[in-house]
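Inspection log for the structure reproduced underneath, given as structure tokens.
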Amino acid sequence: MFITATIALQSRDYMGGMTRVRIGFVTVIVILVVNGFFFYRAAMSLQNSSLQMAQSRETSRAARTLLIALVDAETGQRGYLITGDERYLEPYKNSLKNIHSLMSELKDLTADNANQRDYIFTLEKTIPDKINDLEKKIEIQKKQGQEVARQIVLSDEGKKKMDEIRALISDIDLIATTDLRKWDEQVRTSGRQFNIAILISSFSALLLLSLIYVVTIRYFRERVEKEKVLTEANALLESRVNERTKLLAETNEQLYEEIQERKQTGEKLQKFTVDLERSNSALQDFAFVASHDLQEPLRIIQGFSGRIQSKFSENLPPEGNDFLRRIQKAAKRMEGLILDLLAYSRLTTKSQPFVSTNLHTIAQEVLDDLEETINRTNGRVVLADLPTIDADPLQMRQMIQNLVANALKFHKANVPPIVVINSRIIDKESEEHNTREKEFCEITIKDNGIGFDEKYLERIFQPFQRLHSQQDYEGTGMGLAVCRKIVERHDGEITAQSISGQGTTFIVTLPTTQINEVTTSE
């Protein structure tokens, strides 16, 4: 017990130390991730600010360069108009090429700047108009002469458009310059944040590494000490295990002897079962032979008593006729007992294979056969819908007939019998029946008869057992025994619920399907 507790304590301490180390590493990782996140944000902010600052600077440069190109183009055009010298057209043409590329560059630089969008849009319309105006005046020079062109230059008609373009570019440059100052300040702020993030991350990493070092060293020192104690406990445990192993070996020897004894007992039980089956078979054969052998002298008794009654009854005194009637009544009762015994023995030897059987049809045929009894007793039988199951049809007919006839016979004096036949499909798991089929049907036959005390429940299903005298209710006491044997052959159960004077309910439980001996009904 002490060793087990020591090992458990050591294991718990070890797991606790491992847990603390894991928690420490997880904490370090979380802190490093958080620091990395803020470091990443500061770096991204610095990078973004630097890009925006460079973009603003490029926008300002492109705007100013575009204005210079427009001025150069206009200057070259004026020089040509005034002098007529086509050498002035070279800088004009070069400037036009630069204007298109600069305008495209400026548009790309301001694509994500909402403040510049309207200015760029207006500038895109104004510059082509200005270029068309310059081209138009050059064409006038070439077609109408230098003097006309010089007058156009002196009239200064293109100054208005140039001033408009200069104002637009100036506004674009102003916005770019303003953005440049804003992003420059943002770069400075992001740079400070970046430096702070680096400082904090470095300090945190150093502090955490120091903490991990201290915790790890402490943990391994404790582990060395505890492993020493655990080694001693293991040595003690090993000696205890050796002792228990020896004891277990002795126990196994005893268990082997017990198994051998149980095996011999099982063999004896199997032999006893075979002998019991042989005895039951012999008993059934005896009942069958005895029933046949008993019928012959019984028929002789009935025959000669009948002749005596028919020929000599008038010559016999009253007491002699009474004895003769008693002999005939006893012979008739003996005949019923023999026939019931013969039927009981045939339940197994003369049984039919299981087939799909409609219990409702069989029950209706039984009621047709018992119609005379029902009418004689002023009785009433209520038959609900019964299912179709795998069964022996002849035995099902015999069982239902015995139970219904029993309910009609044991009725109260001056009270017409009422018999109700119902059924339901129930489930093995919900009802906890020990059957080999999951689904089975439950048939109930309820009457309003005399009932019985349930302490005699087991007795009423035994052969030749009666709860009432022959004078009160006729019968041999074999009907319910036959029913039980039929039900057991079908792997089912039969029982009853009753209160003396308040009627009886017989409950028959039968599997809906049978695993063996099932044939197709023709």
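A short reminder: the numbers here are calculations on the coordinates, not readings from a lab. The shown structure was predicted, so the numbers you read here are calculated from the model rather than taken from an experiment. Positions of Cβ are backbone-derived with ideal geometry, glycine not excepted, and every protein chain shown enters the neighbour counts.
Each peptide in 245-258, 193-206 receives the mean, over its residues, of other Cβ atoms within 10 Å, and ordering these scores from highest gives 193-206, 245-258. For Ala496, the amide hydrogen comes within under 5 Å of the amide hydrogens of Ile507, counting only partners 5 or more places away or on other chains and with H modelled in the peptide plane. Residue ranges 65-77, 214-226 sort as 65-77, 214-226 when ordered by packing (mean number of other C-beta atoms within 10 Å per residue, highest first). Backbone amide hydrogens, once placed in the peptide plane, bring Val419 within less than 5 Å of Arg380, Val381, Val382, excluding anything fewer than 5 places away on its chain. Which residues does the label zone of Thr513 cover in the stretch 389-405, counting backbone N under 15 Å from a point 7 Å along Cα→Cβ? In the stretch 389-405, the label zone of Thr513 (backbone N under 15 Å from the point 7 Å along Cα→Cβ) covers 389-391. Computed from the C-beta positions of Ile198 and Ile23 and an R0 of 30 Å, the FRET efficiency is 0.65 to the nearest 0.05.
Estimated at 0.36 nm per residue, the fully extended path between Thr444 and Asn94 surpasses their Cα-Cα distance by 114.6 nm.
Taking amide H atoms as placed 1.01 Å from N in the peptide plane, the amide H of Phe440 lies under 5 Å from those of Ile426, Lys428, Thr512, each 5 or more residues away in sequence or on another chain. Using 0.36 nm per residue and subtracting the Cα-Cα separation, the extra length available between Ala205 and Leu316 on full extension is 26.7 nm.
Applying 1/(1 + (r/R0)^6) with r as the Cβ-Cβ distance of Glu261 and Arg240 and R0 = 22 angstrom yields a FRET efficiency of 0.10. On a per residue basis, the convex hull of the C-alpha atoms belonging to the stretch 163-274 measures out at 232 Å³.
Cross-link pairs exceeding 26 Å in C-alpha to C-alpha distance, out of Lys125/Lys160; Lys263/Lys485; Lys226/Lys246; Lys97/Lys137; Lys246/Lys268, comprise Lys263/Lys485; Lys226/Lys246; Lys246/Lys268.
For the stretch 63-106, the fraction of C-alpha pairs more than 15 angstrom apart is 37%.
Each of Thr361 and Asn414 was given a label point 7 Å from its Cα along the Cα-to-Cβ line. The distance between the two points is 4.5 nm.
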